[in-house]
Structure formats: structure tokens, C-alpha cells
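To start, the structure under review is shown below, and the notes come after it.
The values are calculated or read from the model by the stated rules, or taken from the named source; none is laboratory data. Nothing here was measured: the structure is a model prediction, and the numbers come from that model. So basically every Cβ, Gly included, is an ideal-geometry build from the backbone, and we count neighbours across all protein chains shown.
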Amino acid sequence: MTTLVGTRTITCREAINEALDQEMANDPTVIVMGEDIVGGTGSPGEDDAWGGVLGVTKGLYAKHGDRLLDTPLSESAYVGAAIGAAACGMRPVAELMFIDFMGVCLDQIFNQAAKFRYMFGGKAETPVVIRAMVGAGLRAAAQHSQMLTPVLTHIPGLKVVCPSNAYDMKGLLIESIRDNDPVIFCEHKALYDLSAEVPEAPYSIPFGEANIVQEGSDCSIVTYGMMVHRAEEAASTLDSEGISCEVIDLRTLSPMDIDTVIESVANTGRLVCVDEANPRCSIAADVSAQVTQQAFGSLRAGIEMVTAPHTPVPFSPALEDAYIPSATQIADAVRKVIAG
Amino acid sequence: MGDNPFPLDKDGLLEAYRTMRTIREFEDRLHLDFANGQIPGFVHLYAGEEASATGIMMHLRPEDRIASTHRGHGHCIAKGVDPREMMKEIYGKVGGSCAGKGGSMHIADLDVGMMGANGILGAGAPLACGAGLAAKHRGNGDVAISFVGDGASNQGTFLESLNLAAVWNLPTIFIVENNGYAESTSRDYAVAVDSYVDRAAGFGLPGISVDGTDFFAVYEAAGEVINRARKGGGPALMECEMVRFYGHFEGDAQTYRAEGEVVDLRENRDCISKFRSAVEGAGVVEPSEFDEIDAQVRVLIEEAVAAAIVAADPDASELLTDVYVSY
């Protein structure tokens, strides 16, 4: 594959950093806050020692100074402050670190940010972005590994983004910062070191546009985030068996591009929904329901879902590996719908 | 006319009186109309507490922000929200402050710096930190005020916000409106410290406690902490020790209160009566001038109610609008 003009291969971590850097340069109302996002404020050593727990914001403090704010360990206060500042004309990006910490500040997200516009009769705008790491695979156990995208997608007033690659990370984060609604930007922690070709110049990807990662004719596999890569792996295996899969990356869960899914199912007649979240009320369940309601006539077989089990995320590597949906499970589900 | 011993000129005194009387008339009228079954949902009335909202808000400009509570009507009126739009909002009608989609607990008017009454106790404190952060970033001397009751002064959001505001040196002032009751639970039972000044000290903030039924005490103390914050002096906590004339919500039988308690409070700790008798006593304002304001306020609220009653219900299509800016 040749490198396009103006692009280079960078990691998801670098793509997120670049999006924040470029938007901070572009718009003085963009401020970034979170625990350890500078990482060293007030400490005797380096000012920006960490740049976030996984180094995503490293180097931004040197360029943008006090527009990056280390916060006390106080998610309710600083996520709420980001939301309040957004209601006062700023474009804050708050890093929640792990989405599991949403439990201690959910009121500010779902009773405040999500409701302002509607509850205040359309007069409020709350252009806040809340970045958070999602997903399992780092042996981080039950309170640092959840895929809580369905919980947030359920809430009217929030937008939910969960990219699968570096190109989408940059384009969707820039779109999130420029968007005038509250956006929950979910970064799968197992993807940070994954590289892709990414344009150097700023660009944005509109919300609500799924990406057809791979075209196919026998079965549609719909997913998002880390599971896109598992789905591609399954599709590759199935290809060697003569089964052609269409892999769809939803990219944004709210809004959701269900039309692309329905068009795909109209061609393939079969659907497997894959979700790293727990099964009940999941994105997989939502997609299944919408396709059943809107395109039942296109289906030549029952829909299959591949999700995590209805359990917390276990610690033991052996158990965690069994928890995360695998390419094998996805391939088996496709074979099942093909068999009818 | 006598010499004016007060910190406000005559126009300012009349303005303060008008604001307090407007709040009282608004709330007394809601009390009656709720009992008549005219008001949907539930309302939490601010009657008895007017000196706090008024004494504080007289120091604010439209660009300053406030984050209010479930007991927010007084804050709204004192911050400049139109009482006629508020009444329509409380009736859930077209022309309400929030197009009828918020109701009593969510009245907001961002154009005048009112960031919303709030149905979640303590939730306004982080938002006021954000407003303070935005003001600090712009460097324009604006301030933000967070109101909580004595009940919500125990919420984690409030306590975290005290720390955050201190750490970031925000121009955010925290007002504890201590009316003695968190719903039905007494302040003395539910707040471990005797003094909010001590609580402020525990967070590294200056604290001050005033008699919230004394307009002038509130006005002077608020002026001090607000002007300090405008000049970069950072946050402060101020307690207004005050009284609630009605129940937690309308329909509350208030059997948890002492017999005769409210009668006594109305007789001896009515902030408006105290204000009026002090100002009249000093000979700065004639009784007839206050009476004239009373009459004007009665007409305003009467008209507000009449307009709210005849206002149209929102069209069913409004159900689906304004969830997002774009989707």
C-alpha cells in the first residue's frame, strides 16, 4: 500500500494527541482537563511527567500551557466543571480516564449535560467532550475494563463515539470537539498502539456514518471498537471457507447509522451483531431489534449476537480471554446463520 | 427624609424591596393555586428566604452566572428571569422560560446568567466551578455563584467543588442557604459541624456566616466575597442562616416542625418586614412608596397567573424537538 500525500503511519495514541493539539491551536476555547493529563503539576519533578495514565496527552502541556488542567481525584467536580464551562461558551475536553469511573460522576453526565438543551427549552448548548478508556484485555479487572457504551447510548441528549482505528480516532475526536452537543468519546485501551495511515492536516468525520470495512455477500457482521478487528479476523477465516462477510464498523453509536446496516442486510440476508459489552440491552441487541423491526423481510435466517457474557470482567488472564468475544465465536455465529 | 444609614441609595433600597416582594407574592400565590389543584407536578417555595437571593444578586451583572437549587424561584427572579415567563413555565405552557419542558425545578435563562434550578441536590456546585473556570479563562472579572441548602451541603459534589474551586482559585462563591431543614430532617441532626465557617476552613476557603433574614447583613457580606473573587481572590463559602415559611414542597404537612414555629418565624424573622421597618424607621423611604410597590407587584403576579392560565399547551410536536443541537 502506498502512502498518500500528507499522511503518515501513526498510532491511535498519537492520533488522539494530534487531534487535541490541533483543535487547541485552532480554537482558544478548547481546554483539556483530567486526572494526571499533565501529570506532575505541583510535584517536585517534571511538570508534564505523565501526559495521562497511558501517555495520550503527553507533550500538550509544553505547547498549550495552562489550558491543560490537572484535576484533583474528584470526577464529579471536574466533569461537572467541564459541563458547566461548556454551558458558558468553552469547549472543554474532560478525560475520565476509565469509563468505569463514570459511576462516581454519572449525575453530571446524564442528569445535567444530557438534559440541559431539552429541559431548558432548546436554549442551552453544552459542547463538552468526555474522553474515557473502554474495554477489556489489559488484565485490569472488573472496575477498569467495562464496555459501558450501551449505558450511555441509552441516554437521549448524549452522543456516543467508539472508533476502531487511528484514522477514525483523529477525525472523530476533531468532530466531537467541534460538535455542539455533549459527546462521550470512548477509546479502547487495547488499540492505543495500533497504527494506521493518518493525514497530518486536521479533518473531521461526520457522526452517524458507519464504515464498511470489508464488502461481502453472504453475511453482515456489525460491530464497533476493538471488535472490528476480531470481526475482520473472523471474516478472513471464513473467506477461506468460501463464506463472504461484509464487516460494518458503526463508529458512532449515538447517532447510529442503521440505514447502512439495513442496506447491507438487504444484500446479504444474514446478520451477526458483535459487541464487547454485556448482552442485555447491548448495542448488539439494539441493532438486532432495529433490523428486525425495519427489515424483517430481508432476513433469510435468524440474527445471531456475539457478546461478552452477563458477568463482570474477570481478572485471571485465562478467564478474561474467555470473557472477550473471540474471532472464533464470531466465525461460529456466521456459520450458524449461513446454515440457517 | 432622614439621612441614609444604609449601604444602598434610595433607588437601590426600593429595588431590593421590589425584588423581595415580587418573590414573596410569586410564592404566596403559588401556595394558594397549588392548594386549588391548578399547578402540575410539585413546587418548592422560597418564601421567607428572599433576603438571601436579593442581597446576593444585587451585586451581580448579567454576565455573572448562578447555579440554583430545587427551591429556585427566588434565585430566578432576583437574577432577572421574567416572572411572567416563569409562571408559564410552572404551568407547563407555551411562552414559559423553558418552553414548558423544564417546569419549576428546571427554570433556566442563560441570557441573564441563570444556569438552572436543579432537581439534583448539590449538582449545581460543579457547574458553578465550570462557570468560574470559564470566567477565569476569559479574565473578565465575572463570578459564579453556587447555591445549596443545608441538606445539599452534605453532598459529595458540593464538598468536591469546594476543594476544586480552592485548588484552581476560581471566582466561585458557595452560598449555603441554611433554612434548618433538609426536607424534613433537621440541619442540627444531619450536618456534623456546628459552623459552616469551620467547614470552609477545612477546605482552605474563607467562610462567613450571616443572618439570612437580615437583608443588609447578606448584602454587605456578599459584596465582600464577590468583589474579592472578581479581583482574583478566589472562592469563599457564605452561610445564610434563614427560615422557610412553607413546607419542603407544597402539600407538606410539616408535622416535624414545632408547634407555633412558623407563626413565630413569620412574626419575628420575616426578612421583608424587618427590611421595611428598618428603612421606614430611618425615614429614608415613605410607607406609601413601599405600598405602591406592593400594589404593582400584586398586579404583576395577578397578570402573570392570568396569562399562564390562558397560555396554550405546547404542541405535541414539541415532544421531539431540542434533544440535540444536531443529530
| message | Could you go through the stretch A:124-131 and let me know if any residue there is within 21 Å of B:PRO171 (Cα to Cα), without any contact (Cβ under 8 Å) to a residue 40 or more places away in the chain and of a type in the set (A, V, I, L, M). | response | no
| Of the conditions (1) of a type in the set (Gly, Ala, Ser); (2) within 7 Å of chain B (Cβ to nearest Cβ); (3) touching a residue at least 24 places away in the same chain (Cβ under 8 Å); (4) part of a loop (DSSP other than H, G, I, E, B), A:GLY121 fails just one. Which one is it? | (3)
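Name the residue, out of A:ARG230, A:ARG270, that is in contact with a Pro (Cβ under 7 Å, 6 or more places away or on another chain) and either farther than 29 Å from A:PRO156 by Cβ or outside the structural domain of A:ALA333 (by TED's automatic domain parsing) (or both).
A:ARG230
Working carefully through the options B:ALA253, B:ALA182, find the one that is within 23 Å of B:ARG71 (Cβ to Cβ) and crowded, with 20+ Cβ neighbours inside 10 Å.
It is B:ALA182.
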| Near pairs, Cβ below 6 angstrom, 6+ apart or cross-chain, from the stretch A:240-259 (assigned by TED's automatic domain parsing to the domain that holds A:ILE221) to any residue that is in a loop (DSSP other than H, G, I, E, B) and of a type in the set (D, E, K, R) | A:ILE243/A:ASP218; A:SER244/A:ASP218; A:GLU246/A:GLU215; A:ASP257/A:GLU209
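Assess whether B:LEU205 counts as being touching a Phe, Trp or Tyr at 6+ places or on another chain (Cβ under 7 Å) and not in a helix (DSSP H, G or I).
Answer is no for this residue.
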| task | Need at least 1 residues that are in contact with a Leu (Cβ under 9 Å, 6 or more places away or on another chain) per element, so show me which helices (runs of 4 or more DSSP H) inside the stretch B:220-327 make the cut, counting only ones lying wholly within it. | result | B:271-281, B:287-310
| task | Tell me, yes or no, whether the stretch A:63-81 has at least one residue that is within 10 Å of chain B (Cβ to nearest Cβ), without any contact (Cβ under 8 Å) to a residue 60 or more places away in the chain and closer than 16 Å to A:GLY157 by Cβ. | result | yes
| Restricting attention to the stretch A:41-62, and to residues there that are outside any loop (DSSP other than H, G, I, E, B) and free of Cβ contacts under 8 Å to residues at least 40 places away in the same chain, which single residue is surrounded by the fewest Cβ atoms within 10 Å (Cβ to Cβ)? | A:ALA62
| query | Mind checking which residues of the stretch B:32-50 are over 15 Å from B:GLY124 (Cβ atoms), surrounded by 19 or more Cβ atoms within 10 Å (Cβ to Cβ) and more than 9 Å from the chain's Cα centre (by Cα)? | reply | B:ASP33, B:PHE34, B:ILE39, B:VAL43, B:LEU45, B:ALA47, B:GLY48
| the stretch A:178-226 - residue that is in contact (Cβ under 8 Å) with a residue 40 or more places away in the chain, within 14 Å of chain B (Cβ to nearest Cβ) and not charged (D, E, K, R) and, of those, nearest to A:LEU54 (Cα to Cα) | A:ILE184
| task | Scan the stretch B:102-121 for residues that are facing chain A (nearest Cβ under 7 Å) and buried (at least 22 other Cβ atoms within 10 Å of the Cβ) and report the count. | result | 5
| field | Flag if B:PHE26 is in a helix (DSSP H, G or I), farther than 20 Å from B:TYR181 by Cα and in contact with a His (Cβ under 9 Å, 6 or more places away or on another chain) | value | yes
| note | Note on the stretch A:86-116: residues in a helix (DSSP H, G or I), buried (at least 24 other Cβ atoms within 10 Å of the Cβ) and within 10 Å of chain B (Cβ to nearest Cβ) are A:ALA86, A:GLN108, A:GLN112, A:ALA113, A:PHE116
| For the stretch B:293-312, does any single residue satisfy the condition of being within 14 Å of chain A (Cβ to nearest Cβ) and in contact (Cβ under 8 Å) with a residue 60 or more places away in the chain? | yes
